[in-house]
Amino acid sequence: MNNEFEYYVIARKGDKAFPLVWPQKDSKHTIEYIGDNFSKYHGKPIPEPELMKFVFADPIPRKPIIGDYFAEPESVVSKKIADVLEPLKIKGMQLIPATVESNKGDIYEDFFFIHIYHFIEALDKDKTKFKLSKYG
């Protein structure tokens, strides 16, 4: 299979029953990896990463459905998806073990934060009008 021009996009289902997640406030390294220090790990792997901890973010659904993918601020996927991604050895992608805590204190294990540190230039900056965000 020639993967040179193939790519995939994972997206959150628009159903409001699927919760968003956010770094747990007490998890300093989770916030360090993806918070204000994001640029520290922009374009490079996180060396010896610790377990990342996420919590449900507002708005929290009345009856949340725990799926295989959480969105916001970054992608968090189940072991089921990680088991598909891992053997592909995707250049510039790191799967970091993670947990997700519900608003009721339930802890969901066997999740992984997807850290993407290899970026593909897909925009001709000389021929495009754009505004650069703080993330590059």
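The values are calculated or read from the model by the stated rules, or taken from the named source; none is laboratory data. It should be emphasised that the depicted structure is a prediction, and the values quoted were computed from it without experimental measurement. So basically every Cβ, Gly included, is an ideal-geometry build from the backbone, and we count neighbours across all protein chains shown. Keep in mind that these areas ignore ligands, DNA and RNA; they rest on the heavy atoms of the full protein, side chains included. Shrake-Rupley method; radii C 1.70, N 1.55, O 1.52, S 1.80 Å.
Does residue 120 satisfy the criteria of being hydrophobic (A, V, I, L, M, F, W, C) and modelled with pLDDT under 90? Please lay out each step first, then the result.
Values: hydrophobic (A, V, I, L, M, F, W, C): yes; modelled with pLDDT under 90: yes.
For residue 120, the condition - hydrophobic (A, V, I, L, M, F, W, C) and modelled with pLDDT under 90 - is met.
Determine which member of the set 104, 80 is over 19 Å from residue 24 (Cα atoms) and surrounded by fewer than 16 Cβ atoms within 10 Å (Cβ to Cβ).
Values: 104 fails: over 19 Å from residue 24 (Cα atoms).
Selected residue: 80, the only one of 104, 80 that is over 19 Å from residue 24 (Cα atoms) and surrounded by fewer than 16 Cβ atoms within 10 Å (Cβ to Cβ).
If I filter region 28-37 for residues that are modelled with pLDDT of 85 or more, among the hydroxyl-bearing types (Ser, Thr, Tyr), within 17 Å of residue 115 (Cα to Cα) and touching a Phe, Trp or Tyr at 6+ places or on another chain (Cβ under 9 Å), do I get at least one hit? It would help to see each step written out before you state the result.
First, pick out the residues of region 28-37 that are modelled with pLDDT of 85 or more: none.
Checking region 28-37: not a single residue is modelled with pLDDT of 85 or more, among the hydroxyl-bearing types (Ser, Thr, Tyr), within 17 Å of residue 115 (Cα to Cα) and touching a Phe, Trp or Tyr at 6+ places or on another chain (Cβ under 9 Å).
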Quick count over region 52-101, residues being hydroxyl-bearing (Ser, Thr, Tyr) and touching a residue at least 60 places away in the same chain (Cβ under 8 Å), is 1
Kindly list the number of the only condition in (1) over 23 Å from residue 121 (Cα atoms); (2) part of a helix (DSSP H, G or I); (3) modelled with pLDDT under 80 that fails for residue 40.
(1)
Quickly run through region 43-59 and pick out the residues that are closer than 17 Å to residue 104 by Cα and either at pLDDT 90 or above or open to solvent by 70 Å² or more (accessible area, probe 1.4 Å) (or both).
53, 54, 55, 56, 58, 59
